[in-house]
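Here's the structure we're looking at; comments come further down.
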Amino acid sequence: MNQPKDSPATVRIAERLAEIEKFHVVTLVTRAFELEAQGKRVINMVIGEPDFPTPQPIVDAAIDALRHRQIRYTPSLGSDELRAKLQNWYHTRYGVDLPKSRIAVTSGSSGALLLTMGALLSPGDEVLMADPSYPCNRHFVRAMEGKAATVPVDADTGYQLTAELVEKNWTSRTVAVMVATPSNPTGTLIPIDQLKEIHAVVQRNGGVLIVDEIYHGLTYGFDAHSALEFADDVFVINSFSKYFCMTGWRLGWMVIPQAYVGHIEKLAQNLYISNSDVAQQAAMAAFTPETLSIVEENRHKFQQQRDYLLPALRDLGFDIPVEPQGAFYIYANCSAFTQDSYGFCYDLLEKAGVAVAPGIDFGEHRAAEHVRFSYPQSVPVLEEGVRRLRNYLKG
Ligand SMILES: Cc1ncc(COP(=O)(O)O)c(C=O)c1O
């Protein structure tokens, strides 16, 4: 009998795929799960998500919605009620008054970033961003036919872009600058005055500033300022994933400069119609005093975890010149142990059962000398990770 064959001639891969790389963190997580399935205990310091459950009031709101309401399409930019909650959040948290119409609910901040790139980029347009930075950023840009123009950054600028770096790297193809504060993988922030200066340079050059504020709420000892406190022509990206412990619900939001609202809406309508209704109804409970007290308690625990892990890693010989003040990552120079952080991460996982992320995920600049530790784990788990690392490094 003739079987249908999968002939190579029928496989047509878009050119852009050649420039979209694997997310090594995910590969390492998959391997960690395999090892655990074989009965080995892995200390997971690789994955970028809180280990706390979604706060109960949010879960209860979802259950209530499932029991008592119809789950339907919502407006493409999000339910009116949730946008109103977000509007109020900006008022109470940052003292910023926004029209609700500029707030869009999205499928995680990933959805917001994709829409932003879709609205801004024509083929070949360039977006400046720091190297290292969140890996998907350069791929969002590529997926929308733009080009990520990465700028190497080091400890002297807190691993962040500065106004001078933006000015120096601006070209005739640059249309936007993208920053994240606090940043993944470094946990560092851009001081508000520096952010204002970056904004001024971008404005002067006729570009657009995109500020990823996904780790707001996860800063230790202080609250971060939003770019919206001084500008209304920036794209501000945020999410329920991290501070509200809702990674799997896939819900985020963005604040859009007025002139782009209709364009973003048109894209959202066509690309996915609406976001998850049940997730939006759940998120209505995110801003209640009960939920906020839970997430603030979590924040306190993250700080304790950082305060344990940072000196412990330095003691082991990792060089961490800038104290991370936010998110839940520590970006560490591992060149005392290896010149190949990629091989180091895979070997560490296999031999010591400790999963950490290789620098190569976050860019090219000195990537082989760096690893990222993610610390949303209880202190006893982190202690076990450090004990295993110490033994492994002793050889
Ligand atoms: C800096 C940054 N931006 C965006 C995202 C995407 O998150 P989500 O789509 O879950 O909101 C992440 C995820 O780790 C991130 O670290």
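The values are calculated or read from the model by the stated rules, or taken from the named source; none is laboratory data. Computed from a predicted structure; not experimentally measured. Reconstructed Cβ throughout: ideal geometry from the backbone, glycine too, with neighbour counts over all protein chains shown. Side chains are part of the model used for accessible areas, which takes the heavy atoms of the whole protein and leaves out ligands, DNA and RNA. Shrake-Rupley method; radii C 1.70, N 1.55, O 1.52, S 1.80 Å.
A 1.4 Å probe run over the chain, with the rest of the protein chains in place, finds 44 Å² accessible per residue.
Here's the list of lysines a cross-link from LYS266 could span, going by alpha-carbon distance under 26 Å and ignoring same-chain residues fewer than 8 apart: LYS85, LYS100, LYS147. Its Cα gyration tensor gives region 239-395 an equivalent ellipsoid, and the semi-axes of that ellipsoid, as √(5λ) in whole Å with the largest first, are 36, 21, 14. Helix-only arithmetic for the chain: the sum of -39500 (n - 2.57) across DSSP H runs with n ≥ 4, divided by the residue total, places the mean residue ellipticity at 222 nm at -12500 deg cm²/dmol.
Note that region 71-286 shows a convex hull volume over its alpha carbon atoms of 113 Å³ per residue.
Only one residue of LEU120, VAL96, GLN203 has its Cα farthest out toward the positive end of the dipole of region 71-286, where Lys and Arg carry +1 and Asp and Glu -1 on Cβ, and that residue is LEU120.
Quick check: net charge around ARG142, other residues with Cβ under 12 Å of its Cβ, Lys/Arg +1 and Asp/Glu -1? Display every interim value, and only then the final one.
Working: positive: ARG16, ARG138, LYS147; negative: GLU15, GLU19, GLU21, ASP125, GLU126, GLU145.
Charge balance near ARG142 sits at -3.
Between the alpha-carbon centers of region 59-132 and region 328-361, tell me the distance in whole angstrom. Centre-to-centre (Cα) distance: 34 Å.
Annotation: extensible slack from ASP80 through ARG67 equals 2.6 nm (criterion: 0.36 nm per residue apart, minus Cα-Cα distance).
Please report the net charge: other residues with Cβ closer than 14 Å to the Cβ of GLU229, K and R +1, D and E -1.
Numbers: positive: ARG93, LYS196; negative: ASP97, ASP193, GLU213, ASP223, ASP232, ASP233.
It works out to a net charge of -4.
The charge dipole of region 273-395, taken about the Cα centre with unit charges on the Cβ atoms of Lys, Arg (+1) and Asp, Glu (-1), comes to about 340 debye, rounded to the nearest 20.
Which percentage, to the nearest 5, of the DSSP beta bridges contained in the chain is antiparallel? Around 45 percent of the beta bridges assigned by DSSP in the chain are antiparallel ones.
Ligands, DNA and RNA left out, the accessible area of the chain computed with a 1.4 Å probe is 51% carbon and sulfur. The slack in the chain from PHE230 to THR27, taken as 0.36 nm per residue of separation less the alpha-carbon distance, amounts to 69.1 nm.
Maximal additional length on extending the PHE52-GLU34 stretch stands at 4.2 nm, based on 0.36 nm per residue less the C-alpha distance.
If you place +1 on the Cβ of every Lys and Arg, -1 on the Cβ of every Asp and Glu, and leave all else neutral, what size is the dipole of the chain about its Cα centre, to the nearest 20 Debye? Present the calculation step by step, with values, prior to reporting the outcome.
Working: 36 positive and 46 negative charges, 178 e Å.
So the dipole magnitude of the chain works out to roughly 860 debye.
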